[in-house]
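The values are calculated or read from the model by the stated rules, or taken from the named source; none is laboratory data. None of the values given here were measured: they were computed from a predicted structure. Here the Cβ is made from the backbone with ideal geometry for all residues, glycine too, and neighbour counts use every protein chain on show. What goes into the accessible areas is simple: the full protein's heavy atoms, side chains included, and nothing from ligands, DNA or RNA. Shrake-Rupley method; radii C 1.70, N 1.55, O 1.52, S 1.80 Å.
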Amino acid sequence: MKKIVGISFICILIDQIIKLIISINMNVADSINVIKNFFRITYLQNTGAAFSIFSGNRIFLILITLVALLLIYFILIKGKEITKVETICYGLLIGGIIGNLIDRVRIGYVIDYLDFNFGAYHYPVFNFADICIVVSAIILLIISFKEVKYDRD
């Protein structure tokens, strides 16, 4: 559990430092072109969850986040033998969740800043914590499929 907490702490620290730098140096909706027609740093304040769903429902999102953290701990982690990969994934997952939770509790919205275009498609703006959550969830999903054993009898 100590390793999960350590990984989570590092993710939270990186996430909060980046968000602080963005919020100090940019105004809301400002963009900095990094790779023309592909990648920008755009400072947005997201009052919702992924893809801005549940916008304006701060208390609901905080409660759902706390419930998710409890479920992750009690169902997926507590009392189980966890591999090194799972330890890293749970650390990333919890760190990402808490990184966005800190924003939501402290300032009422999540700071998003990574802004990508793929041809004509403009992907919703997201942040480092979101990357931690998505990457860890994908890896955990892949692991869970690998662990499924099919009885062919």
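Select from region 16-47 the residues that are within 22 Å of the chain's Cα centre (by Cα), among the basic types (Lys, Arg) and either farther than 11 Å from Asp112 by Cβ or modelled with pLDDT under 95 (or both) and list them in ascending order.
Arg40
Looking at region 91-147, which of the residues that are among the acidic types (Asp, Glu) and assigned to a helix (DSSP H, G or I) is least open to solvent (accessible area, probe 1.4 Å)?
Filtering region 91-147 for residues that are among the acidic types (Asp, Glu) and assigned to a helix (DSSP H, G or I), the one least open to solvent (accessible area, probe 1.4 Å) comes out as Asp103.
Collect the residues in region 47-70 that are free of Cβ contacts under 8 Å to residues at least 24 places away in the same chain, open to solvent by 90 Å² or more (accessible area, probe 1.4 Å) and in a helix (DSSP H, G or I), keeping them in residue-number order.
The answer is Ile59, Phe60, Leu63, Leu70.
Could you tell me which numbered condition Glu81 fails, if it satisfies all but one of (1) among the acidic types (Asp, Glu); (2) under 19 Å from Tyr43 (Cβ atoms); (3) without any contact (Cβ under 8 Å) to a residue 12 or more places away in the chain?
With (1) among the acidic types (Asp, Glu); (2) under 19 Å from Tyr43 (Cβ atoms); (3) without any contact (Cβ under 8 Å) to a residue 12 or more places away in the chain applied to Glu81, the lone miss is (2).
Pairs needed: first member in region 4-19, within 12 Å of Asp103 (Cα to Cα); second member anywhere, open to solvent by less than 40 Å² (accessible area, probe 1.4 Å); C-beta distance under 6 Å; at least 6 residues apart or different chains.
Listed pairs, sorted by first residue: Ile12/Gly95; Ile12/Gly99; Asp15/Gly99; Asp15/Ala129; Lys19/Ile111.
Can you work out which of the residues in region 6-46 that are open to solvent by less than 80 Å² (accessible area, probe 1.4 Å), β-branched (Val, Ile, Thr) and part of a helix (DSSP H, G or I) is nearest to Ile64 (Cα to Cα)?
This residue is Ile12.
For region 73-90, give me each residue that is open to solvent by less than 20 Å² (accessible area, probe 1.4 Å) and either more than 13 Å from the chain's Cα centre (by Cα) or farther than 23 Å from Ala50 by Cα (or both).
Hit for region 73-90 is Ile77, nothing else.
Looking at region 109-137, which of its residues are under 16 Å from Ile94 (Cβ atoms) and small (Gly, Ala, Ser)?
Correct list: Ala129, Ser136, Ala137.
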